[in-house]
Amino acid sequence: MRPFYVYKATKTLNLTEKNPLITVSILYFPTRSFLLTQKSTRPVIGLLINQIEGQYQSMIRRGISDFARDKNISLFIFVGRSLLSPYDAENQHNTIYSLANSGNLDGLIITTGSIGNYLTQNAISDFLKRFDPLPIVTIGSAIPGFTAIVPDNGSGISSLVHHLVQEHDYQRIAFLGGPENNPDALFRKDEFISALKAHGREIRQELFFQGDFSYTSGQLLAASFLGHRDLPFDAIMAANDDMALGFLQSMEAQGFLSPRDFAITGFDDVPDARFLSPSLTTVHQPLYEQGVLAGEKLLALIEGASVSEVSTTKGSLVIRESCGCTEETLIRSRFFPAVCENKIEQGLSLSTKNIVLSDVFQDISIPVSQRSQITDALSALFDALILDLRTFRDRPLFVMTLNEWLNISVNWDDFSETWHRLLSKFNQNLLERVSDLRSRAYLEDLFQNGFALLAKKSGHRSARELANLRGVLSTFRNFSWKLGALASFEEVLDFIHDNTALIGINLTILCLHEKGPKPYPIDEKTNFFMNMTYLDGLKNSVVFSAENVIPPDLNQPEKQQELLIMPLTGKDLSFGYICLGGEVVDPLVYDTLRDMISQALSNLDHFQKMQQTEGERQSTLEKLSASEERYKEMAKAVPMIVIETDTTLTIRYSNQAGLDILGITDDEHTSLRQFLSEEDCQLADDLIGRITKLKFLDYPGIRFIDRKTRRFIPIVQASGIFRDGDNSLIGLRWNALAPLPLITGSILPDKSFFTDMKITLREQEVIPLLLQGLRIKDIAEQLFIAESTVKGHLTQIYEKFGISSRTELTKMIQEEQIGRYGFSAYLFSLVNKLLSLDEE
C-alpha cells in the first residue's frame, strides 16, 4: 500500500514524486516523518496517567513506553489529573479519560495509585468499570476484579522504621501521610503504626500529619513550623518522596537542616531523591519495572491468557544521608587478606565472564531499550580488564574502552546513576574474586580512574542538558508572545507547523469541538467528546468521531508511534484536545506547549466574542452619532452631566448641567482634572488605554467633585470618540448623574406629607441632604449649623417616622411615593439604586 505523509498546507506546494500528494493536515514536520497507512493490525494500548512531568508518573511511563516500543505496540497516553482533585480546575482535565474506550484501544493501563489519590477503593472500582469490556491492568492499587501491579508497602515501611529505631534510636518519629481516602496511603500509615508498636515506640497522634502525595503538601507542612525554634519530632517519615522533598527543601529555607535538626525518609526513590543535598533515605520502588510488568500483563490479557490478579513488586531500603547515615563507600579501601597466594587467573578469567556479568546485572534496574547496549559494554570492559591485569598497562584499555562507551551512551535516561551502579557492582564483584595484592591495587586504581571519568562525563552531560533546557526556555519565551499576537485559528496552525520541531515535537494533531468551545459538564459521566474537527491541507474543516481519538484517515503508523493526548482547556471551557509525539528534553515541555496553545485558543475565542460585541456596539454608536445634536439638546433638560474631552483630558464640550453643577467655564484650556480627586486622576489616565480596546466602560469608579456641595457625583459611563477612517481614539465622553435636582423635585413627597408627620421646615431641609448620602459633617456645612444640631434633627426625624436608620427612611418614602405617584416612585427607585445609600 502506498504511504502518504501528513502535512498542513499553508501555500501552494511543489512536491516531487517521492512526496506523494498531501491531503491531510497539521502533522508533518521536517525533522522526522511518520509513515501512515490506511490500516494497522498492531495492538493499540492506552495509558491513563494524571501527570506527564511527575517523577513517579514519568518513571512508570518510561517502563510502559519502552515495553511498547520493544513489542511493536502503539501507545496512546491520556494525560489528565487526579480524580476529584481539590486543586483549582484540575477536574476539567479529566474529561480526556473518556476518550479511552474499546472503539480505539485493545487494552488499558491505569495508574490508579496516582489518578485515584482522592478516591476510596469503591470509587476507583466504579471508575474502572466505565471502561468495560477493555482488558485493564492497574498500577499502584489492588482493586478486586482487576489485574493489578502493586508495591510491597509493608516490608518497605517496616524496614524504614527498623532503621530509624535500631540504627539511630530516634524516639519521636512523625508521619506525613497521603490523601485520607487513598488505599495506598492508608496502608502505609497502618504499617507505620504497626512497626512503631513492634519496636515499643509510643503512638503520638499529634505527630501524624495529613498530606496528599504532592510536593506542595510537604511545603505546607514545613510552613506550619515557621517561627518555631524547636521541632516536635526527631525524625519524620513521609509516605512518598515528593512530600519528603517538598518538606526538606522548605525547612532548609527556614533554617532547619537535615540531618542536623531532623531526620527524614521517603518512599518511591524518584530521581531527585538521589541528587539533592542531603540525598534522601527512602524505599526504592521499582517504578520502571512496574510499567514493564503492567505492559506484559496487559498483552497477555489481550491475547486471552490467564494472569494472576495481583502482582507485588518488592522494594528495597536505600540508605542515604537524610536519616543521619553516610552513603556506602562505592570503592573499597585497600584491605588485603594476609594470605595472597591465588593467581588472578584462578578467580578471574574469560571463562568466568558470564558469571561475573550475571552477578552485576542482579538487583539493578535496566531499561528495556538499554539492555543490549549495557551487555555489550560490560563484555567489552571485562575483556579490556583481563588484558590490563596481565601486563599492568600504564595506559589501560579499560579506561579507554569505558570512555568510548560513555560517549555512546551519554543520551541514556539516568546516564550517571545507571553507570554509577554498574561500575560499583562490577568493582565489588571483581574485588571479591581477586586476592593478589598487586592486582587488587591495580583494580582499585582502574576503577578510581573510571569513576573520575564518569564524573567528568556526567558534568558535561548536565551542562548540555542545562544548555538545552535554557534553549527550550528561550524558545518558549518567543512562543509566548508570538502565540499571543495571533488573530486566527489558521495562524495558530501555521505557527505550530513551523515551530514545534524546535523543541523536539514532530507530530501534532489539534482536534477541536465541531461547534466551537464547549462548557465543561457538571456530570463527569457525560460523553463529552463527540464530533471533533480539524483542518486538512486545503484548509477544509474535516469532522470525525472522537471514538477514533485521531481522524480515521490518519489511522495508525506503520512504525512505532507514541501519542500523548492532552485536553485543551480555557476558563470553564474546553476547546478539544491535542495529540503530541516526539523526543523532547523534558516531559514538562509537552504540558507547557499544551498550556500555550490552550491560551492562544482562549485569546482567539475572547477576540472573536469581542469582535461580535464590537459589531453590536458599533451599530449602537452609529445610531447615537446620527442623533448626536438631538442627544445634546435632550441632555440640557436633565441633570445628566455630559462632558467631552480630548485624550489629554482637556474639556472640549459640556452640557448645561455640567456648566451649572460643576461650574465649568468656557476657557478652552480647562482640564477635567480640576473636577477629579488625585486618586481619580490616575484612574482616568489608566482608563484612556482601556477605552481604546473596550470602546466604553460602565461605572468606571471615577467621580466628579461638586465644589459647591462638596459631594461626589458618580460617572456612570465613559466612552470613546473615534476618528473616521483609521478608527483611532481622539477623545472621550463622560456621563455623570447629579442626583440633587431629581431628589429635590418630583422625587420627594409633597409638603402635606411632611405636615402630617409634623416635620419642621429645618428638618425638611435635612431630609433631602440625608437622602443624597451626605455625612453629618457635610449637612452641617451646607446648612451652616453645628454637627450636634444636625444629630438632634436626625433623632427627631427618626422618632417622628418611627424608624432608626437612613435606609428605613428611604424605604418609607419610596413606599409613600409608590402609593401616590407610581411612575415617580419608579424613577425614585432607579436613583436610589444608583446612589446606593448606606448606613452612617
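What to note about this one:
- Modelled spin labels at Thr613 and Glu490, positioned 7 Å past Cα toward Cβ, are 2.7 nm from each other.
- Annotation: per residue accessible area for region 364-413 equals 47 Å², rounded to a whole number [probe 1.4 Å, protein chains only].
- Cut-off under 5 Å, modelled amide H: who pairs with Ile721 long-range: Ile730, Gly731, Leu732, Arg733
- Over 31 Å between alpha carbons, listed pairs Lys129/Lys314; Lys482/Lys539; Lys297/Lys353; Lys71/Lys456: Lys297/Lys353; Lys71/Lys456
- When the inverse distances between all different Cα atoms of region 126-197 are averaged and flipped, the Kirkwood radius reads 14.2 angstrom.
- Residues of region 109-191: accessible area per residue with a 1.4 Å probe, Å²: 35
- A DSSP coil position with no more than 14 other Cβ atoms inside 10 Å describes none of the GluC sites (Glu not before Pro) in region 418-512.
- Amide proton proximity set for Leu568, modelled H, under 5 Å, gap of 5+: Phe575, Gly576, Tyr577, Ile578
- Net lengthening on full extension, Thr795/Ser306 (0.36 nm per residue, minus Cα-Cα): 167.1 nm
- Inter-label distance, nm, simple model (7 Å from Cα along the C-beta direction), Ser155/Gln428: 1.7
- Listed peptides 317-325, 802-810, 112-120 by packing density, highest first (mean Cβ within 10 Å): 112-120, 317-325, 802-810
- Region 276-327 and region 440-454 have Cα centres separated by 31 Å.
- When the Cα convex hull of region 746-798 is projected onto planes of every orientation, the mean area is 3.6 nm².
The values are calculated or read from the model by the stated rules, or taken from the named source; none is laboratory data. Being a predicted model, the structure only gives us computed values, none of them experimental. Neighbour counts are summed over all protein chains in view; Cβ atoms, including those assigned to glycine, are modelled from backbone coordinates with ideal geometry. Please note that ligands, DNA and RNA were not included when accessible areas were found on the heavy atoms of the full protein model with its side chains. Shrake-Rupley method; radii C 1.70, N 1.55, O 1.52, S 1.80 Å.
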